[in-house]
Amino acid sequence: MIVNSARFHISSPCASKCPQDAQPHHEYAFIGRSNVGKSSLINMLLGQNDLAKTSSTPGKTMLINYFLVNDSWYIVDLPGYGYAQRSKDDRMRLEAMIKDYILNRVQMTNLFVLIDSRHKPQAIDLEFMQWLGENEIPFAIVFTKLDKLKAGEKKKNISRYCEELLAYWEELPPIFATSSSNKIGRDALLDYIDELNRLPL
Ligand code: GTP
Ligand code: MG
């Protein structure tokens, strides 16, 4: 798929204030731990460096941010989960906001769960995906920051992660390997979204 246009649409503090367009649309949300690279990946996909705000300090994204693509579908940048430096109240508020969005946003066609390809499987991500499964939320896994791994580690880390998932899951969700720094995985992800865009609304 070619991205012809992409622009910031709206930031919402909760699911009930997300866009309610008269025209039905597909919507794809990006989630994962703080600092995993959600906003950077969105910029990479949309071909604009500063559309979604990124930061080397975790916890940058605090609202549900909408980007309208090709005047027809949305990408949604969600706040990250699990940032330990935040106050407990803030963490609980953000978690409630994220869960409310995921459970109630009927427009969300697919959720992309981002995982830092450098790390071993972490309980917080595995539990989150377990929760998605229990709630029958369609999702795909996107490994990020592949450029930070040596050639031999890329396949090894991803296979190790998949093996661990297969201990809990009968089958794996769609898996993508990406790097926002060198655009690895861009075509594969956009083609996948293109396929989903063809599903009836
Ligand atoms: P929050 O909004 O805080 O939850 O973070 P986020 O998941 O949106 O992460 P963000 O895109 O802001 O990126 C966090 C840091 O990781 C930034 O310093 C990015 O430059 C860096 N980063 C993101 N993606 C990549 C990547 O593919 N490769 C490399 N080398 N760095 C990356
Ligand atoms: Mg962000």
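Things worth noting here:
- Total residues in region 87-114 satisfying the condition of being acidic (Asp, Glu) and open to solvent by 90 Å² or more (accessible area, probe 1.4 Å): the figure is 2.
- Pair list, Cβ under 7 Å, 6 or more apart: region 175-190 residue open to solvent by 60 Å² or more (accessible area, probe 1.4 Å), other residue within 16 Å of ligand 2 (Cβ to nearest atom) and among the aliphatic types (A, V, I, L, M): LYS183/MET44
- Search result, residues across region 19-48 that are in a helix (DSSP H, G or I) and not basic (Lys, Arg): SER39, SER40, LEU41, ILE42, ASN43, MET44, LEU45, LEU46
- For region 115-133, the condition holds for at least one residue, the condition being that it is under 15 Å from the mean Cα position of the chain (by Cα), within 24 Å of LYS17 (Cβ to Cβ) and without any contact (Cβ under 8 Å) to a residue 40 or more places away in the chain.
- Within region 63-85, considering residues that are of a type in the set (S, T, N, Q) and in a loop (DSSP other than H, G, I, E, B), the one farthest from GLN48 (Cα to Cα): GLN85
- Within the option set ARG160, ARG105, ARG118, ARG198, being among the basic types (Lys, Arg) and in contact with a Leu (Cβ under 7 Å, 6 or more places away or on another chain) holds for one residue only, ARG118.
- Region 28-60 - residue that is β-branched (Val, Ile, Thr) and near ligand 1 (Cβ under 6 Å from one of its atoms) and, of those, nearest to MET108 (Cα to Cα): VAL36
- Within region 40-66, considering residues that are closer than 19 Å to SER5 by Cβ and surrounded by fewer than 22 Cβ atoms within 10 Å (Cβ to Cβ), the one farthest from ligand 2 (Cβ to nearest atom): GLY47
- When ASP71 is tested against (1) more than 12 Å from ligand 1 (Cβ to nearest atom); (2) on the phi < 0 side of the Ramachandran plot; (3) open to solvent by 10 Å² or more (accessible area, probe 1.4 Å), exactly one condition is not met: (2).
- Here SER16 meets the list (1) over 17 Å from the mean Cα position of the chain (by Cα); (2) among the polar types (S, T, N, Q); (3) in a loop (DSSP other than H, G, I, E, B) almost entirely, failing just condition (3).
- Residue check, ILE10 hydrophobic (A, V, I, L, M, F, W, C), more than 17 Å from LEU189 (Cα to Cα) and modelled with pLDDT of 95 or more: yes
- When restricted to residues that are over 16 Å from ASP191 (Cα atoms), away from ligand 2 (no atom under 14 Å from the Cβ) and either surrounded by 21 or more Cβ atoms within 10 Å (Cβ to Cβ) or without any contact (Cβ under 8 Å) to a residue 24 or more places away in the chain (or both), region 19-39 contains 4.
- When the strands (runs of 3 or more DSSP E) confined to region 86-201 are screened for residues that are out of contact with any strand residue (DSSP E or B) (no Cβ under 7 Å at 6 or more places or on another chain) and not hydroxyl-bearing (Ser, Thr, Tyr), none reaches at least 2 such residues.
The values are calculated or read from the model by the stated rules, or taken from the named source; none is laboratory data. This is a predicted model, so every value here is computed, not measured. Positions of Cβ are backbone-derived with ideal geometry, glycine not excepted, and every protein chain shown enters the neighbour counts. For accessibility, only protein heavy atoms count, side chains too; no ligands or nucleic acids. Shrake-Rupley method; radii C 1.70, N 1.55, O 1.52, S 1.80 Å.
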